[in-house]
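Worksheet: one structure, shown below.
The values are calculated or read from the model by the stated rules, or taken from the named source; none is laboratory data. Note that the structure is predicted; figures quoted are calculated from it, not measured. Please note: Cβ atoms are built from the backbone with ideal geometry, for glycine as well, and neighbour counts cover all protein chains shown. Side chains included, ligands, DNA and RNA excluded: accessible areas come from the protein's heavy atoms. Shrake-Rupley method; radii C 1.70, N 1.55, O 1.52, S 1.80 Å.
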Amino acid sequence: QVQLVESGGGLVQPGGSLRLSCAVSGSIFIFYTMGWYRQAPGKQRELVASINSGGTTNYADSVKGRFTISRDNVVDTVYLQMTSLKPEDTAVYYCNAAPDTFSSWGRGTQVTVSS
């Protein structure tokens, strides 16, 4: 059973920064492309960034140039550095494999961008 534990969210003003972390256990982490997803109230969950085992990254247009995904294959953790945050980035952020997710999800971490 894969376990995903996200952390690092919080309340931040527009233009601010946050760094999210996701610890993964119960899988062969290095074999998977990992992604960060987000779900805003009333909206579908969307994939915002992904990184494969070799470090190649992809980003949704809405976060390109502002968010940076990275991973540490030694400690089985994936990160999301978020800068120049906007109110529309407010959502619960989750990590999971991408694009085919694991069957289980973590609890996510809430990011709220507001003045």
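Miscellaneous remarks
- Extension gain for V74-Q110 works out to 10.3 nm (0.36 nm per residue, less the C-alpha to C-alpha distance).
- The relative contact order of the chain comes to 37 percent, based on Cα pairs under 8 Å that sit 6 or more residues apart.
- Of the accessible area of the chain, computed with a 1.4 Å probe over protein heavy atoms only, carbon and sulfur atoms account for 47 percent.
- Using the 1.4 Å probe convention, the accessible area of the chain works out to 53 Å² per residue with neighbouring protein chains retained.
- Magnitude of the charge dipole, the chain, Cβ model with Lys/Arg +1 and Asp/Glu -1, debye to 20: 180 debye
- ³J(HN,Hα), Karplus 6.51/-1.76/1.60, whole Hz, each residue of segment 32-47, x for Gly, Pro: 9, 6, 10, x, 9, 10, 9, 9, 8, x, x, 10, 6, 5, 10, 7
- P(r) weight above 18 Å for the chain, C-alpha pairs, percent: 43 percent
- Surrounding net charge for I51, when Lys and Arg each add one and Asp and Glu each subtract one, Cβ distance under 12 Å: 0
- Between segment 75-107 and segment 29-63, the alpha-carbon center distance in angstrom: 6 Å
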